[in-house]
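The values are calculated or read from the model by the stated rules, or taken from the named source; none is laboratory data. In this text, all values refer to a predicted model and were calculated from it rather than measured experimentally. All Cβ positions, even for glycine, are placed from backbone atoms using ideal geometry, and neighbour counts span all protein chains on display. For the accessible areas, the whole protein counts, side chains as well, though only heavy atoms, and no ligand, DNA or RNA atoms are used. Shrake-Rupley method; radii C 1.70, N 1.55, O 1.52, S 1.80 Å.
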Amino acid sequence: MRRRVSALLLSVLMALAISLSGCAEKSGGGSAEPAGGESSGGSAAPAASETVKTAETKEDAKKLADAFYGGLAKANPVSMTSFINGTEASTFMASGDTFCLVDPSSDITYYMFIEDGKKYFIGDGETAYEDEYMYDMFSESLESTLQMFVTGIYDVEDDGALQFSAKQTDKTENGAVTSKLVSVITGEEDGKAATMTVTGTARNGTVSSILYEAEAGGEKESAEFKFSYDNISIDLPAYTIGESYGGYSDITLEGEHVDSPYRTLDELIATLGEDDYLLYTMEDDRVYAVGEKDGRQYQFSAVLSAEDMEAYEALDFFSDTYNEDVYAILGKLTVDDCVDFTGCIVPQDELDAFAGKTVQDLVDAGYENTGWSVFEGDAMLTFDKDLMEYEAKVTPTDGFDENSDFDFEDMLGFRVEQFRFSAPEYAALPIR
């Protein structure tokens, strides 16, 4: 299965500022001889030495990982190249308050920067839109990646079914320390043995690479990150400031203010399915959330107090109860404004007309592909049109190999089974 791992493309890993010092030992047996064969008369050069630390419990393994990777989240500048299952996926660079991400598969570079105290995002190489959400997401990606692939496993609550071990080896030679930390977590997945191994390599306390390997039921996947820290500079392209995000300044979403079918956001949250999440955004002192009622699509708005915002910002994003904690804060809020934006969505009968047609027909009709998932013959593609997102269940063409290195162009001949509205884009919110 080919997987598009957006989290990896938006993630960065950095160097730590911890020096792993080793005690130099004098070589036994006499003085060192410099080039030319004459005795220098000075002290002998230190011999190579090696120290090893091991851990056999979750707590001890976490201590080694926290110390080894402890400075990564705040390091700057950095350049990181990531590889997914051996294939180059992206290069991320950070220099001061400017970031960029190069996606070699699409030949696109994204830029984030600050100008006059405002945070901007460039996605098309020429227009900068004010976008605090995108900027902040990139600024926190170091910590996010560590939590996702390195240290987050130690925050998982388990009943003893997982086994943790770690081994750190520090080799000192000619005053330089080369370190390697191998962390191993074993357990079961769907009744089959599963192993996750994370190998970090560092020189004088600066991480040069991290290799994540996972194996379960005979299937393997990997993610590797390689770092450099010198001569990092980001040259922004010539750009103009756009009036609204994403190049949609010419699109006006006309919703209708109506009486809300829900009194509180908790009533909206109660309608979510087991695998659904509340789509919401915050602006100034308000929160905006979207949902459906009796076939109509609504945006619900409520006042967010300073105390509630402070509590929200204090939440741990990587907590197992993060969503529940968010809902506890937002759910108690009273809806004081409601916008029916059903008219902004392509009617379902028009979407149904694409059944039996090809993905190329969707593209020709102005739908822009934003992602896909193909697994065991089932294929789902997502599309964007006028700030609204749509999902298409499609049938792959005969002979299509989902395990090959394919691109969107390889799916243009797929046949559409179902096509339906999914959700508004974040860029559409709030709908006035």
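Suppose we keep only residues that are part of a helix (DSSP H, G or I) and at pLDDT below 85 within segment 117-135. Which one would you say is surrounded by the most Cβ atoms within 10 Å (Cβ to Cβ)?
So the residue we want is Met134.
Please enumerate the residues belonging to segment 143-175 that are open to solvent by less than 40 Å² (accessible area, probe 1.4 Å), small (Gly, Ala, Ser) and at pLDDT below 90.
Ser144, Gly152, listed by residue number.
Tally up the residues in segment 176-190 that are without any contact (Cβ under 8 Å) to a residue 24 or more places away in the chain and open to solvent by 60 Å² or more (accessible area, probe 1.4 Å), please. Give the steps one after another, and end with the answer.
Of all residues in segment 176-190, those without any contact (Cβ under 8 Å) to a residue 24 or more places away in the chain come to 180, 182, 184.
In the following step, the residues that additionally are open to solvent by 60 Å² or more (accessible area, probe 1.4 Å) were identified as 180.
Number of matching residues: 1.
Collect the residues in segment 383-412 that are in contact with a strand residue (DSSP E or B) (Cβ under 6 Å, 6 or more places away or on another chain) and open to solvent by 40 Å² or more (accessible area, probe 1.4 Å), keeping them in residue-number order.
Those that are in contact with a strand residue (DSSP E or B) (Cβ under 6 Å, 6 or more places away or on another chain) and open to solvent by 40 Å² or more (accessible area, probe 1.4 Å): Glu389, Glu391, Lys393, Thr395.
In segment 214-240, what residues are of a type in the set (S, T, N, Q) and under 18 Å from the mean Cα position of the chain (by Cα)?
Within segment 214-240, just Ser222 meets the criteria.
If I filter segment 285-306 for residues that are under 31 Å from the mean Cα position of the chain (by Cα) and open to solvent by 80 Å² or more (accessible area, probe 1.4 Å), do I get at least one hit? Spell out how you get there, then give the answer.
Going through segment 285-306, the residues under 31 Å from the mean Cα position of the chain (by Cα) turn out to be 285-292, 297-306.
With open to solvent by 80 Å² or more (accessible area, probe 1.4 Å) added as a condition, the list becomes 285, 292.
The answer is yes; a qualifying residue exists.
Quick one: in segment 89-147, which of the residues that are within 14 Å of the chain's Cα centre (by Cα) and of a type in the set (A, V, I, L, M) is farthest from Ser183 (Cα to Cα)?
By that ranking, first place goes to Met134.
Restricting attention to segment 322-340, which residues are under 27 Å from Arg420 (Cβ atoms), in contact with a helix residue (DSSP H, G or I) (Cβ under 8 Å, 6 or more places away or on another chain) and open to solvent by less than 30 Å² (accessible area, probe 1.4 Å)?
Val326, Leu330, Val335
Output the residue which, of all residues in segment 250-277 that are within 30 Å of Ala128 (Cβ to Cβ) and in contact with a strand residue (DSSP E or B) (Cβ under 9 Å, 6 or more places away or on another chain), is modelled with the highest pLDDT.
Of everything passing the filter in segment 250-277, Gly255 is modelled with the highest pLDDT.
Do any residues in segment 84-107 that are farther than 19 Å from Glu140 by Cα have Cβ atoms under 6 Å from those of residues that are part of a strand (DSSP E or B) and open to solvent by 40 Å² or more (accessible area, probe 1.4 Å), where the two are at least six apart or on different chains, and which pairs are they?
Partner pairs satisfying both residue conditions: Asn85/Glu221; Pro104/Glu88.
(1) at pLDDT below 95; (2) within 17 Å of Pro424 (Cβ to Cβ); (3) surrounded by 16 or more Cβ atoms within 10 Å (Cβ to Cβ): which one isn't true of Leu351, the others all being true?
The failed condition is (1).
Would it be correct to say that Thr197 is under 22 Å from the mean Cα position of the chain (by Cα) and in a strand (DSSP E or B)?
yes
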